[in-house]
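> Before anything else, here's the structure in question.
The values are calculated or read from the model by the stated rules, or taken from the named source; none is laboratory data. Quick caveat, the model's predicted, so the values are computed rather than measured. When we count neighbours, we look across all protein chains shown, and the Cβ atoms used for this are built from the backbone with ideal geometry, even at glycine.
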Amino acid sequence: MIGLTRMVTKGGATRGLLLAVLALALCGNSGLFAEEDATRKDAAKRPVARQRDSASEIDEKAVIAFVDEHHAELALLLKRLRQHSDDQYRKALRSLNKQFRRLEKRRSSDETRYQLELDTWKVKSRIELLRARIMVTPDEDQRKELEELARRRIDLEIAILEYESDRLRRRAELMRQRVERLRRDRDKRAEEEVRRAFATEKKPSKNPKASEPTKGLRKASSTKNKKDNENR
């Protein structure tokens, strides 16, 4: 099977550009994450100025570094596209930026889930690149490769669902334990709450300055009595 790199470099500028546009368009619109559909709908409702602000937030270097690290073939197509069509390049970059930012957000909250989603992204991207190759130059050998990638994608989907199922079971167990504690300690906690509400005793003040005015009055009274006795 002709490799993607060879196809782009030796297949001619027109075919290489077509492949790049097709592949990146497919990767950007294949629903790599379910939430992306909702994101696109929300973006369509935003004012134009706000959409431009969002586009300006793209960290191009970070996105390119991410693609270089995790998907060399896609990185090559992205560079090829940049040379021939800046508009298409920017469009692809915006799509990849959404995926990159979502993965980074997941990474900061759940490393295990992040790795599963990253592997899913890589497999789905490879599938879309293969679909683009099939559209440009169909090859029977590509059928087996596509089938293997599809199986891998399904395996990853199963792994994500199993991981989420285990996480929810653990959370449900914690909730069950909390319910049991509340039921067991209900009367005791209610009595304690009432006791605090009706507590009226005040602790004596520990501030020594609070008694100074009283001491002053006693001293003045003693001095006055002494003078009265002397006058007598």
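> Hey, residue 75 hits all of (1) in contact with an Asp or Glu (Cβ under 9 Å, 6 or more places away or on another chain); (2) in contact (Cβ under 8 Å) with a residue 24 or more places away in the chain; (3) of a type in the set (A, V, I, L, M, F, W, C) but one; which does it fall short on?
So the condition that residue 75 fails would be (2).
> When residues of the range 45-64 are filtered for being at pLDDT 50 or above and more than 22 Å from residue 130 (Cα to Cα), how many remain?
9
> For residue 147, only one of the following conditions fails: (1) surrounded by 11 or more Cβ atoms within 10 Å (Cβ to Cβ); (2) over 24 Å from the mean Cα position of the chain (by Cα); (3) within 30 Å of residue 122 (Cβ to Cβ). What is its number?
(1)
> Spot the failing condition for residue 68; the list is (1) at pLDDT below 60; (2) acidic (Asp, Glu); (3) within 30 Å of residue 136 (Cα to Cα); (4) surrounded by fewer than 16 Cβ atoms within 10 Å (Cβ to Cβ), and only one is missed.
All conditions pass for residue 68, except number (1).
> Could I ask something else about it? Give the residues of the range 65-124 that are of a type in the set (S, T, N, Q) and over 21 Å from residue 159 (Cα atoms), sorted by residue number.
83, 85, 88, 95, 97, listed by residue number.
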